[in-house]
Amino acid sequence: MKSNRPIDLPLSQVISVNRSPIAIASILHRISGIILFLLIPVMLWLLQNSLASPESFETVFDNVLVRFLAWIFVAAIAYHFVMGIKHLFADMGMNEELKSGRTASMVSFVIAAILVVASFIWVMF
């Protein structure tokens, strides 16, 4: 008799088995959430330091590494937001079929890519 219990698989095996855009979008959504969670204390510390005085703001954001870190944070927010909206639509019963789910994932990837590039231009220049 076959058990219907869920099986815990390592992430590498999940990715190698399922390379659909839907699965990739879901996995990257989780990864972007982890990145956001880990960067929130860093960004709050940077905010605190940058608001001390106008000179400290210039000192903090003249550093290219800090601006790159800020871009990673903004890009993760943009990606997480777009894919979160896609997941919300899926939870409402939209895009549940394979073809429409793939289309929604690809459209979400394009929108997220545009936002990531726009955030790079906004933060770095």
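Below are the figures for this structure:
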| quantity | calculated |
| --- | --- |
| Computed magnitude of the charge dipole of segment 22-124 (debye, nearest 20; Cβ of K, R +1, Cβ of D, E -1) | 320 |
| Radius of gyration, Dmax [segment 51-125; alpha carbons; angstrom] | 17.0, 55 |
| The chain, relative contact order [Cα under 8 Å, separation at least 6], % | 31 |
| Average accessible surface area per residue within segment 51-125, 1.4 Å rolling probe, Å² | 67 |
| Under the span-like rule (Cα at least 24 Å along the axis, Kyte-Doolittle mean at least -0.5), DSSP H helices of the chain | 21-50, 64-91, 98-124 |
| Residue 57/residue 36 FRET efficiency (R0 22 Å; Cβ-Cβ; nearest 0.05) | 0.45 |
| Positive-end residue, the chain charge dipole about Cα centroid, Cβ charges, pick of 85, 23, 54 | 23 |
| The chain - mean residue ellipticity at 222 nm from DSSP helices (-39,500 (n - 2.57) per run, n ≥ 4, rounded to 500) | -27500 deg cm²/dmol |
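The values are calculated or read from the model by the stated rules, or taken from the named source; none is laboratory data. Please read all numbers here as calculations on a predicted model, not as lab measurements. For neighbour counting, all protein chains shown are included, and Cβ atoms are generated from backbone atoms with ideal geometry for every residue, glycine included. For accessibility, only protein heavy atoms count, side chains too; no ligands or nucleic acids. Shrake-Rupley method; radii C 1.70, N 1.55, O 1.52, S 1.80 Å.
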